[in-house]
1. Could you work out the relative contact order of the stretch 86-168? I mean the mean sequence separation of Cα pairs under 8 Å and 6+ apart, divided by the number of residues, in percent.
2. Which aspartates and glutamates does Lys20 reach when only Cα atoms under 15 Å apart count, and residues fewer than 8 places away in its own chain are ignored?
3. Roughly how many nanometres apart are two label points built 7 Å out from the Cα toward the Cβ at Ala206 and Arg35?
4. Based only on Cα atoms, what Rg/Rh ratio does the stretch 112-157 have, Rh being taken as Kirkwood's radius?
5. Among Val62, Ile51, Gly33, whose Cα sits farthest toward the positive end of the charge dipole of the stretch 1-74 (+1 at Cβ of Lys/Arg, -1 at Cβ of Asp/Glu, about the Cα centre)?
6. Rounded to the nearest whole Å², what accessible area per residue is found for the chain with the 1.4 Å probe?
7. Share of the chain's accessible area from carbon and sulfur, percent, 1.4 Å?
8. For the stretch 76-121, just say rounded, prolate or oblate: build the C-alpha gyration tensor, square-root its eigenvalues into a ≥ b ≥ c, call rounded for a/c under 1.5, and beyond that prolate if a/b exceeds b/c, oblate if not.
Amino acid sequence: MRKTIIITGAGSGIGAATTKAFLDDGYHVGLIGRRAETLKATANGHKNALILPCDVADPAAVDSAFAQAMAAWGRLDTLFNNAGIGSFSTTIDEIPVQTWLDVVSINLTGSFLCARAAFKIMREQLPQGGRIINNGSISAHAPRPGSIPYTSTKHGITGLTKSLSLDGRPFDICASQIDIGNALTDMAEAMTTGMPQPDGSIRSEATMDVTHVASSVLYMANLPLDANVQFMTVMAPKMPFIGRG
């Protein structure tokens with residue numbers, strides 16, 4: 001039986017690396033992102049790639065994208081809820097309300113909408129079940145200075161993951177969270193030059209190759225539904241995390 005996955009934020013960074021890993025493993029992959037051209041670049045013409053341009057914060061667009069995937073495949077095995085954005089580093093009094101709303105709409109509402117669509121499919125399909133993997137963050141445990149919008153949403157992702165795990169039990173739907181630290185993507189390039197530290201200094205931080213994230217998500221997805229990685233942390237071991245604060 002062919003294996004299927006939808007990956008959000010598939011046009012760049014972690015999403016693009018994960019898409020490649022799953023295509024190489026024989027999956028049929030639905031690529032969700034706001035820009036069709038970046039999704040097509042990630043897919044690179046692969047016959048098992050399904051391009052699904054979609055704003056994950058738009059309920060109708062999310063439902064349409066998942067319906068397209070079901071029309072093409074007839075089944076959904078896995079969702080990787082990966083789409084997310086950050087914001088500039090500053091204290092709460094200097095954060096525009098619109099910045100908060102934008103980060104929450106993509107990181108948290110978008111994950112809710114995609115999990116909702118995937119859960120419905122996995123509950124109703126035969127055989128029943130599937131897997132939802134949420135992209136958390138080191139910030140779900142130990143925040144960086146000046147990161148209130150991002151950190152708040154990532155704590156929310158942990159609540160989403162735990163609740164999905166409970167609600168999915170009767171339907172063989174597993175939920176997992178992968179917390180990622182300093183994977184070297186375009187978004188994380190600044191970490192190599194300088195990031196704000198809790199003591200007020202700016203210092204460069206260690207990073208790791210993003211392919212290690214992709215292989216970790218692939219491992220989680222390939223488990224049978226009677227096994228689950230509830231939480232995984234994959235990170236550059238020399239980055240500030242243990243002892244951060």
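1. Details: 68 pairs, mean separation 35.5, N = 83.
It comes to 43 percent, rounded to a whole number.
2. Cross-link targets: Asp209.
3. 3.3 nm
4. Details: Rg = 14.6 Å, Rh = 12.3 Å.
Rg/Rh: 1.19.
5. Ile51
6. Details: 11330 Å² over 245 residues.
Per residue, the chain has an accessible area of 46 Å².
7. On the way: 6450 of 11330 Å².
Roughly 57 percent, rounded to a whole number.
8. Values: a/c = 5.42, a/b = 2.92, b/c = 1.86.
Judged from the Cα gyration tensor, the stretch 76-121 comes out prolate (a/c at least 1.5, a/b above b/c).
The values are calculated or read from the model by the stated rules, or taken from the named source; none is laboratory data. Computed from a predicted model, the values in this text were never measured in an experiment. Positions of Cβ are generated from backbone atoms using ideal geometry, with glycine treated the same way; all protein chains shown enter the neighbour counts. Heads up: the accessible areas ignore ligands, DNA and RNA and are worked out on the full protein's heavy atoms, side chains in. Shrake-Rupley method; radii C 1.70, N 1.55, O 1.52, S 1.80 Å.
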